[in-house]
1. Collect the residues in the stretch 1-45 that are of a type in the set (A, V, I, L, M) and either buried (at least 18 other Cβ atoms within 10 Å of the Cβ) or more than 30 Å from residue 59 (Cα to Cα) (or both), keeping them in residue-number order.
2. Can you find, within the stretch 42-63, the residue that is farthest from residue 19 (Cα to Cα) among those that are part of a loop (DSSP other than H, G, I, E, B) and of a type in the set (D, E, K, R)?
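Read the figures in this text as sums done on the coordinates, not as results from a lab. From a predicted model like this one, the values you see are computed outputs, not experimental measurements. Note that each Cβ is placed from the backbone with ideal geometry, even for glycine, and that neighbours are counted across all protein chains shown.
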Amino acid sequence: MRTWVIVAAILAGLLGLVWVGQGFGLIKGSFMTGSGLWAGIGSVLVAASVAALIWAFRRPARDSS
């Protein structure tokens, strides 16, 4: 399960970074471009992803045997 949390957190963090970029107008071509709402939502998603990664790496790995 730890691997899935790490993969999901990385993907969510990348998506959040795209939303932040679109919200600040750094990435063009979307209805989200230039909207502060999407910059805020993306920031929250990035923060949650970092928290999930910290949680996943601080958690001891389970013994599979």
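1. Our first condition is that a residue be of a type in the set (A, V, I, L, M); within the stretch 1-45, this holds for 1, 5-12, 14-15, 17-18, 20, 26-27, 32, 37, 39, 41, 44-45.
Selection gives 9, 20, 26, 27, 32, 37, 39, 45.
2. Initial filter on the stretch 42-63 (part of a loop (DSSP other than H, G, I, E, B)): 59-63.
After this cut, where a residue has to be of a type in the set (D, E, K, R) as well, the list is 59, 62-63.
On the way: 59: 29, 62: 34, 63: 37 Å.
Once the filter is applied, the top-ranked residue is 63.
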